[in-house]
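Structure, as structure tokens:
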């Protein structure tokens, strides 16, 4: 029997994980037509369809589900075979900081990728507000910091542009209430300042119904129907209703998510972690074209 092609399996996994041929094309650095051709050849080799289209993209067929686990095992073995000898692996420690809204989804795969490649490196993670992370970086308490800025010229490596959206609960319709109930971050947050100035310019009555220092708290208030709030498009609740200008909610500037490095000379371990972070954020932005810088 003709052996399966590892590049085709890698593309197969990228489609299954990303939910679309477009996302997979960016992840494997191929054109969409090349990705489609790879899947046609793999289907011809296997004798069954691999994907079926659904309302949210493509999903593996029941026959392809059985292939997923085996394909992941093959990819892991190939990565292990290509890994440097133990003597050449990185050692030391890396201290990273990031906002909590990006930690839940992106931090686990970042840490997993890095730990598989460099198991001898000790990693310390701190979650917090961007100003606090910036201070910790300047004081030498962190080696790398992922921070959110309202300025497109923010110092650091741009990881993604995250549009700011007004969101409400589709079930509770808080956005139709007068005065408008708001779920806001604590005073000092530039999202809060922008939102309140915008509503005041519109002469629109509002009340701050809920205040939280965390994204999770604001999301909870929105999902419960207590208020309308501002969130990054990439972290809004899946069931949330995104409000448009036609509904009276003008757009606001988005966030620039950047990776900043400490002032000291970066070790190979720090450089390796920075590369892993940039790779995962790139995948996230490719899987959601509206988030691409």
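The values are calculated or read from the model by the stated rules, or taken from the named source; none is laboratory data. Model, not experiment: these values are computed from the prediction. Every residue, glycine among them, receives a Cβ derived from its backbone with ideal geometry; neighbour counts consider all protein chains shown.
Candidates in region 26-54 are the residues that are without any contact (Cβ under 8 Å) to a residue 12 or more places away in the chain and in a helix (DSSP H, G or I); of these, the one that is surrounded by the fewest Cβ atoms within 10 Å (Cβ to Cβ) is 44.
Restricting 248, 229 to those that are closer than 15 Å to residue 177 by Cα, in contact with a helix residue (DSSP H, G or I) (Cβ under 9 Å, 6 or more places away or on another chain) and surrounded by 16 or more Cβ atoms within 10 Å (Cβ to Cβ) reduces the list to 229. If the condition is being farther than 19 Å from residue 101 by Cβ, free of Cβ contacts under 8 Å to residues at least 40 places away in the same chain and assigned to a strand (DSSP E or B), then region 173-214 contributes 206, 207, 208, 209.
Reported count of residues in region 138-151, each being at pLDDT 90 or above and surrounded by fewer than 22 Cβ atoms within 10 Å (Cβ to Cβ), is 4.
Has region 152-169 got at least one residue that is at pLDDT below 90, more than 21 Å from the chain's Cα centre (by Cα) and outside the structural domain of residue 102 (by TED's automatic domain parsing)? No, region 152-169 contains no residue that is at pLDDT below 90, more than 21 Å from the chain's Cα centre (by Cα) and outside the structural domain of residue 102 (by TED's automatic domain parsing). Among the residues of region 4-25, those that are touching a strand residue (DSSP E or B) at 6+ places or on another chain (Cβ under 9 Å) and not in a helix (DSSP H, G or I) comprise 19, 20. Is it true that some residue in region 87-102 is touching a strand residue (DSSP E or B) at 6+ places or on another chain (Cβ under 9 Å), modelled with pLDDT of 90 or more, part of a loop (DSSP other than H, G, I, E, B) and within 30 Å of residue 4 (Cβ to Cβ)? No, the conditions are met nowhere in region 87-102.
Restricting 229, 217 to residues that are in contact (Cβ under 8 Å) with a residue 60 or more places away in the chain and farther than 30 Å from residue 275 by Cβ narrows the list to 229.
Of the residues that make up region 42-56, is at least one closer than 30 Å to residue 214 by Cβ and out of contact with any strand residue (DSSP E or B) (no Cβ under 7 Å at 6 or more places or on another chain)? Scanning region 42-56 turns up at least one residue that is closer than 30 Å to residue 214 by Cβ and out of contact with any strand residue (DSSP E or B) (no Cβ under 7 Å at 6 or more places or on another chain). For region 245-277, filtering for residues that are in contact (Cβ under 8 Å) with a residue 24 or more places away in the chain and under 30 Å from residue 192 (Cβ atoms) leaves 17. Of the residues in region 137-145, at least one is free of Cβ contacts under 8 Å to residues at least 24 places away in the same chain and farther than 20 Å from residue 192 by Cα.
Summed over region 101-124, residues that are surrounded by fewer than 19 Cβ atoms within 10 Å (Cβ to Cβ), more than 17 Å from the chain's Cα centre (by Cα) and more than 16 Å from residue 278 (Cα to Cα) total 6.
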